[in-house]
Amino acid sequence: MSNGSERTLTNRWRWLVAAAAAAIAAVTFTACGSSGGNGGSEAPVAKGGKPTGEVTISNWPGYIDPGPNGTVAEFEKASGLDVNYIEDINDNLQFFGKLQPLLASGNSGGRSLFVVTDWLAKQMFDLGYLERLNHADLKTVFDNITPALRDDPADPGRQFSIPWQGGLTGIWVITSGPGNEIHSMRDLFDPKYKGKVELLTEMRDTVPLVMQMQGADPKNFTKEDWEKAIEFLKKETDSGQIRRYTGNEYTEDLTAGNIVAALGWSGDRSLIGRKDVEWRSPTEGCDTFFDQMVIPVGAPNTAAAYAFMNFVYRPEVQADIADYVNYVTPVAGVKPILEKKDPAVAHNPLVFPPPSLLAPCSADPNPPGSPDEQQKVTEEFQNVITG
Amino acid sequence: MTIRRRLIPYWLLAPGALWLLVFFVIPMGFMAEQALQSGSLFTGGFHFTWQWSNFPDSLSGNNEQIVRSFYYAGTATVLALLISYPLAYAIAQQSGRWRLLLLFAVIAPFFTTYLIRTIAWKTILYDSGPVVGVFKTLHLIPQDGRLLATSTAVIAGLTYNFLPFMILPIYASIERLDMRLIEAAKDLYASSTQAFLRVTLPMTAPGIVAGVLLTFIPAFGDYVNATILGGTHQAMIGNKIQSLFLVERDYPEAAALSFLMMAVILVMVLVYLRLAGTEAFMGEEEEARA
């Protein structure tokens, strides 16, 4: 082999290796995305009719009674549909971020129905990502919905969303440990719990609770209030006070006893693998939210989505769900059924909250201003949690 | 030589080239286009405007995560190398059946998905668990210390998850090593250390170089270990890109940042190959035989 050709071979090798390395790097770093979207008022109306075939439903983990006698299995039996029920939503924005490029091109990723929190449902509708609902196809829903939920400030006249379950955001504590002394947001930031408390990645849950702690008016959070709260969170995050920001995973850290308390959702008891935990409404005030069933644009088998909505609004079906998930049910007539079936749940204030519990709570707010200004706030919060 | 015969190597390259075109060049084109867009999702979407400022913008405020990614991936690579070399050497010394069994043991965890393996570490390392207990007893961490949600856990996770990518190439090069050369070195009065440094190490260098690349590059861009095993101050650049794409929905900046990180990796690889010497990649064994 001559020296010259050896040199070229070496060079070629070098470039092949470099190309291979670049390819690996590309696979590691490439994500995808697209753009676009137009208003919701021209969104198509989801078609009704007799459902057949397959249907895919996305929901949050632990948000329905599972098993062979669970609601999904019963729905399959009653409707003859083949249901693919997936629990792939852990955080509103992350789920939306994953789906957005598909929705922008009128594709729902095969899903006929999914459940997101009210403020996101509205945002998606405004972007034209949701189909409008035909009330004639939702008879059972409107026969049984709690009167107070018949209308929604985020969705007047229920054009695009049907409540799934509601709840309160507050503090889960382990009552057998030092966390038992935690009753307020202020307590969470006590240095003696350093590295032993967790907050939520959901900005609209975490930041409003901090703003209320700082004395801001929940009816009118200003831009300055948001900024002040995020600045406070940055300080507490940098000091190591906050162990992690989480979605539903805070329940794992509570189960393992890695933390003494965490911000969390009132109905998550079924996800926490220990008995000595308690949900508390922070003394400074709490958040309320309602998660909504929506039908995305391009959804296949929308008739099956309607059928599912109607099915879970049957009081006896809803009683099973409420009994398992322990969130606030949107269906009237569930309490009398549970009085007989499971009196403990029927008298659980987190499932049927009395006005005294709801009074200090306010709905998850959006930051003030234009979408771009809201995005700026989101960015600041993300910078804190990915510190 | 006929023209047709000369074309044969190119035909052999075709499947690979097609793969690169479809899964690398074209996506890169899309990403380059996206990196130069401006606008926002809620006000009419993104549009291509030669927005070069996305590149410097994407770097601002992310220095910490970039430095951290180098530190974590670098440490994990060094640890993986220190674990892999003796292990691969030991495996290569075994006879047939043992060798197969040990190799299988290296690959076996891969039958479970990456995510599950990483989540399993949460159960192993939980705060009141035996591992943390032993660490506390040995005073390796303070009494109120922890392993989860720390840099240690993330680096350990990265090392564990990418270890086979280091072991296998090193094993392949050690296995090919001609033991007679070491005997010859010893005949020529080399000590064991000298024989290792002058014969074994240079001849297995291709495996080391390949292993280091295969470990460092994916570890650098990883975000799973930092998400699952890290806390508030373990976010790597992969987590930042994920947040930009999925939560902040600033696609152009996310694409620009991905591009810059890729360029950084590419430059580093070229410098590394130059320093390590490309012969290391070709294998001196081949040259020695020629």
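None of the figures in this text is laboratory data; all of them are computed from the coordinates on show. From a predicted model like this one, the values you see are computed outputs, not experimental measurements. Glycine gets a Cβ as well: all are built from the backbone with ideal geometry, and neighbour counts include every protein chain shown.
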Problem set entry | Max mean-square fluctuation residue, GNM over chain B, Cα-Cα springs under 10 Å, options B:LEU147, B:LEU138, B:LEU82 | B:LEU138
For this session: Over the whole of B:237-247, what's the average partner chain Cβ count within 10 Å per residue? Rounded to a whole number, please.
Result: 6
Problem set entry | Ranked packing of A:77-88, A:95-106, A:54-65, most packed first, by mean Cβ within 10 Å | A:54-65, A:95-106, A:77-88
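Where does the longest stretch of chain B lie that holds no chymotrypsin sites (Phe, Trp or Tyr not before Pro) found in a DSSP loop with 15 or fewer other Cβ atoms within 10 Å?
B:53-188
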Problem set entry | Fewest-first sequence of B:THR123, A:THR169, A:THR255 by Cβ atoms within 10 Å of each Cβ | B:THR123, A:THR255, A:THR169
Problem set entry | B:PHE23-A:SER370 FRET efficiency (beta carbon distance; Förster radius 56 Å; 0.05 resolution) | 0.90
For this session: Only Cα pairs under 8 Å and at least 6 apart count here; give the relative contact order of the range B:1-102 as a rounded whole percent.
Result: 11
For this session: Kyte-Doolittle cut-off -0.5, length cut-off 18 Å along the helix's own axis using Cα: show which whole DSSP H helices in chain A pass.
Result: A:3-29
Seminar exercise, completed: The summed charge of the B:GLN234 Cβ neighbourhood (under 10 Å; Lys/Arg +1, Asp/Glu -1) stands at +2
Exercise. Just for the protein assembly as shown, what percent of DSSP beta bridges are antiparallel, to the closest 5?
Worked result: 60
Problem set entry | Sequence-distant lysines (8 or more away, or on other chains) whose Cα lies within less than 17 Å of A:LYS223 | A:LYS234, A:LYS376
Problem set entry | Separation of the A:ASN69 and B:LEU12 label points, Cα + 7 Å toward Cβ, nm | 6.6
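When you have a sec, figure out the Kirkwood radius of the protein assembly as shown from all distinct Cα pair distances and drop it here in Å to one decimal?
28.1
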Exercise. What percent do you get for the relative contact order of the range B:109-263 when only Cα pairs under 8 Å and 6+ apart count?
Worked result: 26
For this session: Name the residue, out of A:ALA43, A:ALA344, A:ALA332, whose mean-square fluctuation peaks in a Gaussian network model built on chain A with Cα pairs under 10 Å.
Result: A:ALA344
For this session: Enter the mean number of other protein chain beta carbons within 10 Å of the beta carbon of each residue in B:40-48, as an integer.
Result: 5
Seminar exercise, completed: Phi-derived 3J(HN,Hα) across the range B:9-26 with the Karplus relation (6.51, -1.76, 1.60, θ = phi - 60°), rounded Hz, x for Gly and Pro, is x, 5, 4, 5, 6, 3, x, x, 5, 5, 4, 4, 5, 6, 9, 10, 5, 5
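Defining a contact as two alpha carbons under 8 Å apart and six or more residues distant in sequence, what relative contact order in percent does chain A show?
On the way: 669 pairs, mean separation 95.0, N = 387.
The normalised contact order for chain A reaches 25 percent.
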Exercise. FRET efficiency for B:LEU82 and B:PHE48, Cβ-Cβ distance as r, R0 = 35 Å, nearest 0.05?
Worked result: 0.15
For this session: Within 10 Å of each Cβ in peptide A:378-387, how many partner chain Cβ atoms are there on average? Round it to a whole number, please.
Result: 6
For this session: Add +1 for every Lys or Arg and -1 for every Asp or Glu among the other residues with Cβ under 13 Å from the Cβ of A:SER184, and state the total.
Result: -2
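Please give the peptides A:137-147, A:238-248 ranked by average Cβ packing (other Cβ atoms within 10 Å per residue), highest first, as a rough proxy for protection.
For the peptides A:137-147, A:238-248, the packing ranking is A:238-248, A:137-147.
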For this session: Report the local net charge at A:ASP126: Lys and Arg +1, Asp and Glu -1, summed over other residues whose C-beta lies under 15 Å from its C-beta.
Result: -3
For this session: Can you tell me the FRET efficiency between B:PHE70 and B:GLU33 if r is taken as the Cβ-Cβ distance and R0 is 25 Å, rounded to the nearest 0.05?
Result: 0.30
Exercise. Whole-Hz Karplus ³J(HN,Hα) for the range A:159-166, in order, using 6.51 cos²θ - 1.76 cosθ + 1.60 and θ = phi - 60°, x for Gly and Pro?
Worked result: 6, 9, 9, 10, x, 8, 8, x
